[in-house]
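Below you'll find the structure, written out as structure tokens, and then a few comments.
The values are calculated or read from the model by the stated rules, or taken from the named source; none is laboratory data. These figures come from a predicted structure and were not determined experimentally. Cβ placement follows ideal geometry from the backbone for every residue including glycine, while neighbour counts extend to all protein chains displayed. For the accessible areas, the whole protein counts, side chains as well, though only heavy atoms, and no ligand, DNA or RNA atoms are used. Shrake-Rupley method; radii C 1.70, N 1.55, O 1.52, S 1.80 Å.
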Amino acid sequence: MATLNINGETVEVEVDGSTPLLWVLREQLGLTGTKYACGIGLCGSCTVHVDGEAVRACTVPVSAMDVTKQIVTIEGLSEDNSHPLQQAWKELDVPQCGYCQPGMIMAAAALLNNNAEPSDAEINNQVTNICRCGTFNRVRRGIHRAVAIGKERTS
């Protein structure tokens with residue numbers, strides 16, 4: 001039995017400790033916004049936040065998590081899709097196929113948590129998710145637009 005804090009709620013799941021967090025999220029809890037793609041932590045489609053940091057959920061065993069760690073999935077980023085990144089993604093039509101985009105948004109959100117106005121070089125260095133459609137230029141524009149949306153909200 002594992003007790004986890006996911007999107008602000010305490011949940012208990014009956015799984016082997018070696019089960020990847022990704023499978024708990026998708027299969028046990030039905031949080032299918034976190035995607036499975038490579039399964040070895042390279043592509044980033046499974047990116048979630050653990051204590052505010054971007055983590056590839058396919059590589060993290062449930063045994064490494066406990067109720068003190070705050071796990072946030074794309075479903076928990078905002079209740080109504082009002083997060084500046086989600087707004088920017090819609091406004092700029094960032095995704096092409098969209099499969100990798102939940103992980104891309106979560107990686108970008110972790111970046112913005114630590115760097116309120118990243119340069120293109122900092123985005124390229126920190127958001128290492130793979131998009132097979134090649135929307136990286138639109139992702140960078142989306143991140144910059146999210147920064148502007150955040151500033152508009154606070155002014």
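Probe radius 1.4 Å, ligands and nucleic acids ignored: give me the carbon and sulfur share of the accessible area of the range 12-155 as a rounded percent. Don't skip to the end; give the middle numbers.
Values: 3460 of 7260 Å².
Carbon and sulfur together cover 48 percent of it.
Cα centroids of the range 109-142 and the range 1-28: how far apart, whole angstrom?
28
What are the ³J(HN,Hα) values, in whole Hz, obtained from phi via the Karplus relation 6.51 cos²θ - 1.76 cosθ + 1.60 with θ = phi - 60°, for each residue of the range 63-78 in sequence order, with x given for Gly and Pro?
Working through the residues one at a time gives 4, 7, 10, 8, 5, 7, 8, 8, 9, 10, 9, 4, 5, x, 5, 7 Hz.
Can you list the lysines whose alpha carbon is less than 24 Å from that of K35, not counting same-chain residues fewer than 8 positions off?
K69, K90
Which ³J(HN,Hα) values in Hz, rounded to whole numbers, follow from the phi angles of the range 43-56 under the Karplus curve 6.51 cos²θ - 1.76 cosθ + 1.60, where θ = phi - 60° and Gly and Pro get x?
Taking θ as phi minus 60°, the curve returns 7, x, 4, 9, 5, 10, 9, 10, 6, x, 9, 5, 9, 8 Hz for the range 43-56.
Give me the one-decimal nm value for the distance between modelled label points at S78 and S18, 7 Å along each residue's Cα-to-Cβ direction.
4.1
Arranged from highest to lowest average of other beta-carbon atoms within 10 Å per residue, in what order do the peptides 129-138, 83-92 appear? If you can, show how the numbers build up before the last one.
On the way: 129-138: 16.0, 83-92: 19.5.
Sorting 129-138, 83-92 by mean packing, highest first, produces 83-92, 129-138.
Can you list residues whose amide H is under 5 Å from Q70's amide H, if they're 5+ apart or on another chain and H is modeled 1.01 Å from N?
D51
Out of the DSSP beta bridges found with both residues in the chain, what percent are antiparallel (nearest 5)?
Working: 12 of 14 bridges.
Antiparallel bridges make up about 85 percent of those DSSP assigns within the chain.
Please list, in order along the range 94-105, the HN-Hα scalar couplings obtained from phi with the Karplus expression 6.51 cos²θ - 1.76 cosθ + 1.60 (θ = phi - 60°), rounded to whole Hz, x for Gly and Pro.
Working through the residues one at a time gives 4, x, 9, 7, x, 4, 7, 5, x, x, 5, 5 Hz.
Once you compute Rg and the Kirkwood Rh from C-alpha atoms, what is the Rg to Rh ratio for the range 13-65? Don't skip to the answer; put the middle values down first.
Values: Rg = 10.1 Å, Rh = 10.9 Å.
On the Cα set of the range 13-65, Rg over Rh gives 0.92.
If we count every other residue with Cβ under 12 angstrom of A110's Cβ, Lys/Arg +1 and Asp/Glu -1, where does the sum land? It would help to have the intermediate numbers written out before the result.
On the way: positive: R56; negative: D51, E53.
My count for the surroundings of A110 gives -1.
Enter the accessible area per residue of the range 40-141 (Å², integer; probe 1.4 Å; all protein chains in place).
On the way: 5020 Å² over 102 residues.
Ligands and nucleic acids excluded, the figure is 49 Å² per residue.
Based on a Kirkwood Rh over C-alpha pairs, give the Stokes-Einstein translational diffusion coefficient of the range 27-94 at 25 °C and viscosity 0.890 mPa s in µm²/s.
Details: Rh = 13.2 Å.
Translational D for this selection: 186 µm²/s.
Find, to one decimal place in angstroms, the Kirkwood hydrodynamic radius of the chain, where the mean of 1/r is taken over every pair of different Cα atoms and then inverted. Could the numbers behind the result be given before it?
Working: mean 1/r = 0.0637 Å⁻¹.
By the Kirkwood definition, the hydrodynamic radius is 15.7 Å.
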